[in-house]
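Only one structure is covered here, and it is reproduced in the block below.
Where a number appears in this text, it was derived from the coordinates with a stated rule and is not lab data. It should be emphasised that the depicted structure is a prediction, and the values quoted were computed from it without experimental measurement. Cβ: placed from backbone, ideal geometry, glycine included. Neighbour counts: every protein chain shown.
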Number of protein chains: 2
Amino acid sequence: MGNIEDSEVELRLGRFKGAAKQAGVKLTHQRLEVFRELASSLDHPDAETLLHGVQARLPTVSLDTVYRTLWMLNNLGLICTLGPRRDSVRFDANVAPHHHYVCVACGLVRDFESADFNAVPMPSRVEGFGSVVASHVEIRGICDECAAQQP
Amino acid sequence: MGNIEDSEVELRLGRFKGAAKQAGVKLTHQRLEVFRELASSLDHPDAETLLHGVQARLPTVSLDTVYRTLWMLNNLGLICTLGPRRDSVRFDANVAPHHHYVCVACGLVRDFESADFNAVPMPSRVEGFGSVVASHVEIRGICDECAAQQP
DNA sequence: TTAGGTGCAAATTCTTTGCACCCTG
DNA sequence: CAGGGTGCAAAGAATTTGCACCTAA
């Protein structure tokens, strides 16, 4: 699917290398390639999709390594997960504040930014629940491609 | 967990009965009890949790009936799903516009309302993706109960 | 009566784990 | 060289499906 600019990918890879060193985890080929694959995709692939992309460069990687790598990256705060609509977990290497458009028909996810949404103050009701780590808007709809297929 | 007022539960049940008749689906005990269980819970249970609640009244219901009923209710627009943080799908009988606070440690989900969020106009970028069916804010954090357990 | 619904159990799908070998640091 | 990391295969968990019986309309 869509791709991220090379400069941004390199920047993210650099961040990963730094964080890995600091956390004392090894920089294996597999981890680098899994992260590169995720960091350069514009949509939000699941583990299986990432596996296929990585296998083009490392034919022997296995699905379990992809999962282990993803959760490791997630623990390091380098990626985040996003919830499925009835399918599997998806991953996101964009840790800057942003929001999601999700197609309920095909599962496509696209990022967008919105200063307006970011500017809304946290409702006081939420304080009563607990601390806040992150917040984002999820917009559900039918993407143009799916709409075209089912008139 | 928390409970919804009886009057609201009855209102939701009435809506279900009307929608079921209109859609031509049968009002079985199982369906009524699954919907009642979901409609009266304040948090957002998964299928297994609902099963346990319903079994108090209908000891023979099975998990697959709970799933079938939930997807049927979802198709009818009477409930919606919400994405997991690494666990299973959860269901929500509150179809009024509202937002979610999610504890990343225990999975607790609480609803809240926010006129401020509702008032933000849809970013123009989103128009390019496709149509919009719904939108909500998801706030992630650590709930007070989990925070108390891990100082 | 009768088509749709249910319960059971088996099948699928997705994800995690145990273990022996491998490779980064 | 040592300990974490990997691949494989098998285990687990969550959800779906086939089928014969049941029940709401």
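Numbers for the structure displayed
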item: Contact order normalised by residue count of chain B, Cα under 8 Å, 6+ apart, percent; result: 19 percent
item: Length added when fully stretched, residue B:42-residue B:67, from 0.36 nm per residue minus Cα-Cα; result: 7.1 nm
item: Estimated vicinal HN-Hα couplings, Hz - the range A:42-59 in sequence order (Karplus 6.51, -1.76, 1.60; Gly, Pro = x); result: 7, 7, 10, x, 8, 4, 5, 4, 4, 3, 4, x, 5, 4, 4, 9, 10, x
item: Using a 7 Å Cα-to-Cβ projection, residue B:124 label spacings across copies, nm, ascending; result: 3.6
item: Net charge, residue A:73 excluded, C-beta distance under 13 Å - Lys, Arg +1, Asp, Glu -1; result: +3
item: For residue B:79, residues with placed amide H under 5 Å, excluding near neighbours; result: B:74
item: Residue-averaged [θ]222 nm for chain A, counting only DSSP H segments that reach four residues, each worth -39500 (n - 2.57); result: -12500 deg cm²/dmol
item: Lysines whose Cα lies under 19 Å from that of residue B:26, excluding same-chain neighbours fewer than 8 positions away; result: B:17
item: Shape category assigned to the range A:6-75 from the gyration tensor of Cα positions, a/c cut at 1.5; result: oblate
item: Percent of beta bridges antiparallel (DSSP, the range A:99-149, rounded to nearest 5); result: 50 percent
item: Environment charge of residue A:32, counting only residues whose C-beta is closer than 11 Å and scoring Lys/Arg +1, Asp/Glu -1; result: +3
item: Cβ-based net charge around residue A:42, under 11 Å, with every Lys or Arg adding one and every Asp or Glu removing one; result: -4
item: Per-residue ³J(HN,Hα) for the range A:17-33, Karplus 6.51 cos²θ - 1.76 cosθ + 1.60, θ = phi - 60°, Hz, x for Gly and Pro; result: 4, x, 5, 5, 4, 4, 7, x, 9, 7, 9, 7, 3, 4, 5, 4, 6
item: Extended-chain gain in nm, criterion 0.36 nm per residue less alpha-carbon gap, residue B:55 and residue B:23; result: 8.9 nm
item: Calculated from backbone phi, Karplus (6.51, -1.76, 1.60) coupling profile of the range B:127-140 in Hz, x at Gly/Pro; result: 3, x, 7, x, 7, 10, 9, 7, 8, 7, 9, 10, 10, 9
item: Space enclosed by the convex hull of the alpha-carbon atoms of the protein assembly as shown, per residue, Å³; result: 170 Å³
item: Descending semi-axes in Å of chain A, equivalent ellipsoid built from Cα gyration tensor; result: 27, 22, 14
